[in-house]
């Protein structure tokens, strides 16, 4: 392993600056074992005990338990996931964590054992290759003969004149720029296909034409899908071209099984703190696709490496430090758009809802051992940004990685477990995805040890261990609500909202912002006084301040949960937005489309505007049945199946018929029917926008009252 060196300047910064809640004195801590330890001393001791070799070896050990012997896979609720959970429980106990438990929860399970395809080649031989899998049912009970047909991209138009009944349909797909795997899989399923076999055409797995890919399927289990490499897809098409055919006979065997209402386990260990009513949480998921070195084996290694470093340093926490290895992040619920982060959602909403109001912050990990870009990134809840910005300058630099330091970005998004925790009321952060890894190696067999950067791994051990200790020495969760309010203010488009709406929101935001600033000053003062007492080793004073601030901490966390409930909504593409942005965005697009049609320009309406309204871009390429299926399963499913997506989408504007009609028209045609439909949609959207603005105004009023109570 390459030797890494801490830069001298980083250590100087560490010695001269204090992370955490405020500046404080440098008085030495009391020698009493019951006395607090200064943050600076605790962080220094922790850094001396960081051992990335331990964390790396644990990450590698996780690769040994797998569902698919050839490819890996440790999938939601599978036996491989259960066995890995048992391994992690034993590991937590061995490094000295206390109260180690297996927290059971109900989920849909997926076990993917094998998928092998044998096809003829242009040189007259046969080639047998491994295929990747998606969370669907398909069992051949040994090798079987199938017809494989070239289905283009698998769209309605591509399949319209093909007989795909009981056949394997080879398709190209770019899930980043075009559509998710569930659309061609379901379109083919409706036409009687046995399964689709998808080759990535950019977007993911770009590292090599030999790469396979895996993603959550977001569709029903009876619409099967598998992944084939670009190399093998090209070879199959080359044989078809040489034989002047569009379908061939192949041998295929697969074992992929989805079962409803199974059980998996989140594994939890603790370092008990002096205050049993407060917690700092650290989390990472232990399910994976392929070998999953970065996603998320290295994250589990990082989390337990930090736990081990803290224990080995001898630090006695003020709060209970909780380490949670979460199952079923990549999937866990069949036939829903929101089929990932299942373990995290269950942990905080169903297994341990009492953690809400006790956890001052969560630190979640994804892909933590990659060296990409000049700047490291951490994505946080809005309210944590100020605190983390103040903290980041204390992290010692590591030579060879992130020379431009750390960037704090907001808000939490749905791509990782921290979103489920945030909306429950736990302020959260995550190691952000940087650079091109997500397009090249992510969810492919190339996410392996070759991507490992010991420098990045060391940097994140240092950074996040120090951050956990900084949170530990805050009496009150360090939340600054002005960041969310500033983002809400910046999201208002006066070209779409009425003057009255803009004026009302601006006035409400002004009041809320003043209250937020006063609340933050109160939180900073309390935390500064607490830190000063801890640094001075003044147990009596620290205990007094902590007791006096309990209600304040509860108020701050309650306000955070209210803000998440009230102001976090999702687009139809799962992006976090403020409530008014849903209709604001739709109206921008509808106005543009109406103007284009008034100018007899259907191409502009189609190419520039209509695809921006909700999920209507799927209307361009998919049948009405497919479009309706993946619309209705968001609108008409019960909340317990929608999980973290429940109630976050604010309605739907259906433009399928308008889009299909315009696709058949030229500039000389009459557009009165389409204009009438779009104008009706605009009227409906204007009404919906008013409801959203009224929700925000009411929410701002109540949030202001809560913030004023905090500041009082």
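Coordinate-derived values only; no laboratory data. All values derive from a computational prediction rather than experimental measurement. Cβ sites come from the backbone with ideal geometry, for glycine too, and all protein chains shown count toward neighbours.
Quick look at the numbers
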quantity: Principal-axis tilt of helix 579-598 within the chain, Cα atoms, nearest 10 degrees; calculated: 30 degrees
quantity: Relative pair counts by distance (%), Cα atoms of the chain, 20 Å bins; calculated: 17, 47, 31, 6, 0
quantity: Extended-chain gain in nm, criterion 0.36 nm per residue less alpha-carbon gap, residue 550 and residue 669; calculated: 35.9 nm
quantity: Helical mean residue ellipticity (222 nm; -39500 (n - 2.57) per DSSP H run of 4+; nearest 500) of the chain; calculated: -13000 deg cm²/dmol
quantity: Förster radius 30 Å - calculated FRET efficiency between residue 660 and residue 498 (Cβ-Cβ, nearest 0.05); calculated: 0.35
quantity: Spherically averaged projected area in nm², based on the convex hull that wraps the Cα atoms of segment 469-516; calculated: 4.0 nm²
quantity: Paramagnetic reach from residue 646 (point 7 Å along Cα→Cβ, amide N under 15 Å) across segment 103-128; calculated: 106-107
quantity: Simple spin-label estimate for residue 543 and residue 257 in nanometres, 7 Å along Cα-Cβ; calculated: 5.7 nm
quantity: Length released on extending from residue 70 to residue 41, taking residue separation times 0.36 nm less the Cα-Cα span; calculated: 5.7 nm
quantity: Residue list for segment 171-214, given a label point 7 angstrom along the Cα-to-Cβ vector of residue 147 and an amide N cut-off under 17 Å; calculated: 171, 188-197
quantity: Nearest-0.05 FRET efficiency for residue 48 and residue 514, computed from C-beta distance (R0 56 Å); calculated: 0.80
quantity: Residues residue 639 and residue 127, FRET efficiency given R0 of 56 Å [Cβ-Cβ distance, rounded to 0.05]; calculated: 0.75
quantity: Rel. contact order, % - alpha carbon contacts under 8 angstrom, at least six apart, segment 271-397; calculated: 33 percent
quantity: Gap separating the Cα centres of segment 642-671 and segment 113-182, nearest whole Å; calculated: 30 Å
quantity: Percent RCO, i.e. relative contact order, over the chain, from Cα pairs under 8 Å lying at least 6 residues apart; calculated: 17 percent
quantity: Segment 615-712: C-alpha gyration tensor shape, a/c 1.5 cut-off, then a/b vs b/c; calculated: oblate
quantity: Computed over segment 476-712: relative contact order in percent, which uses C-alpha pairs under 8 Å that are six or more apart; calculated: 31 percent
quantity: Antiparallel content of DSSP bridges confined to the chain, in %, to 5; calculated: 60 percent
quantity: At 0.890 mPa s and 25 °C, Stokes diffusion of segment 134-267 via Kirkwood alpha-carbon radius, µm² per second; calculated: 160 µm²/s
quantity: Listed peptides 469-479, 556-566 by packing density, highest first (mean Cβ within 10 Å); calculated: 469-479, 556-566
